[in-house]
């Protein structure tokens, strides 16, 4: 059995494979292999890989199974101790895998970790979808150590300490295969967006831990599947965030947070409307409607308490009213 399998899920991402797959292959230690799982691409991705990188293991699907379905099906066909879920639009350099392997080897109570994720082509900035580790607040709004809402920080070494984090980014998620399988993998109901936060919340609820290992770093382009301004992305983020709450939030606090989120989501929708983003405005209401239709398809949370790494404050209030723009401004005590 190979120690680490780096699994790239591809869907019409030939341009990213052309740009980055060579760096991934060159970076692999002897303990690792590269697998590309293809979600029914029609852009010549498979032909490109077959003609130029025959050493890459290919797993082919006939249709787009989404981020969740694609990874679940691919990982079930991979025999490795550790799995890396790596986006196709990520650049890596030699030496990025070994610190992750070493950390997990030494810390068996941890199920997953992530490297420090920086923004490709933007000097030394942290990247939106991961930075130096992910967190959520009491209303389940996600943010990162190095990125709160749209404020990105430069990496000046301020977040170089390895710490426990709430969620590891799906752009570069390093996880024990046994733990991935034990909690049922990614939830197919998410399809895409916030599925890794759900995965990590379930890991915490099962008694496992998650960390950022900053000796490893990668560079992520971001927005490779959907642009950040996409109404489809707005829909998935709002819908999936409600699913995330319903599945994982402490049961005694669930009704209260859903009431708060009703009002907060309505405010967010009208803010989109005031800015002329009418697609996003409609997406919020569609997300709430579809969540109401879907929620009986998954179990309501049975959790009794928050994981210790959740931020008990209100990140909206902190950011917009208290002007706490940086992670270091936040009080986790």
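Of note:
- Leading residue by the ranking (surrounded by the fewest Cβ atoms within 10 Å (Cβ to Cβ)) among those in region 52-78 that are in contact with a strand residue (DSSP E or B) (Cβ under 7 Å, 6 or more places away or on another chain) and assigned to a loop (DSSP other than H, G, I, E, B): 77
- Selection from region 26-51 of residues that are in contact (Cβ under 8 Å) with a residue 60 or more places away in the chain and surrounded by 14 or more Cβ atoms within 10 Å (Cβ to Cβ): 27, 28, 31, 32
- Count of region 249-299 residues, restricted to those that are closer than 19 Å to residue 136 by Cα and not in a helix (DSSP H, G or I), is 2.
- Failed criterion for residue 184 (all others in (1) closer than 16 Å to residue 126 by Cα; (2) free of Cβ contacts under 8 Å to residues at least 24 places away in the same chain hold): (1)
- Selection from region 1-25 of residues that are in contact (Cβ under 8 Å) with a residue 40 or more places away in the chain, farther than 16 Å from residue 53 by Cα and outside any strand (DSSP E or B): 1, 11
- Residues of region 307-329 satisfying the condition of being outside any helix (DSSP H, G or I) and free of Cβ contacts under 8 Å to residues at least 60 places away in the same chain: 321, 322, 323
- Number of the exception - residue 130 against (1) in contact with a helix residue (DSSP H, G or I) (Cβ under 6 Å, 6 or more places away or on another chain); (2) modelled with pLDDT under 95: (1)
- Condition check for residue 135: in the same structural domain as residue 37 (by TED's automatic domain parsing), assigned to a helix (DSSP H, G or I) and crowded, with 17+ Cβ neighbours inside 10 Å: no
- Residue, surrounded by the fewest Cβ atoms within 10 Å (Cβ to Cβ), within region 287-312, restricted to residues that are over 23 Å from the mean Cα position of the chain (by Cα) and modelled with pLDDT of 90 or more: 293
- Within the set 143, 190, 174, the sole residue that is within 14 Å of the chain's Cα centre (by Cα), assigned by TED's automatic domain parsing to the domain that holds residue 81, in a strand (DSSP E or B) and more than 21 Å from residue 97 (Cβ to Cβ) turns out to be 143.
- If you filter region 108-117 down to residues that are surrounded by fewer than 24 Cβ atoms within 10 Å (Cβ to Cβ) and in contact (Cβ under 8 Å) with a residue 40 or more places away in the chain, you find that the one that is farthest from residue 215 (Cα to Cα) is 109.
The values are calculated or read from the model by the stated rules, or taken from the named source; none is laboratory data. Worth saying up front: this structure is predicted, and the values here are computed from it rather than measured. With ideal geometry, Cβ positions are generated from the backbone for all residues, glycine too; neighbour counts draw on all protein chains shown.
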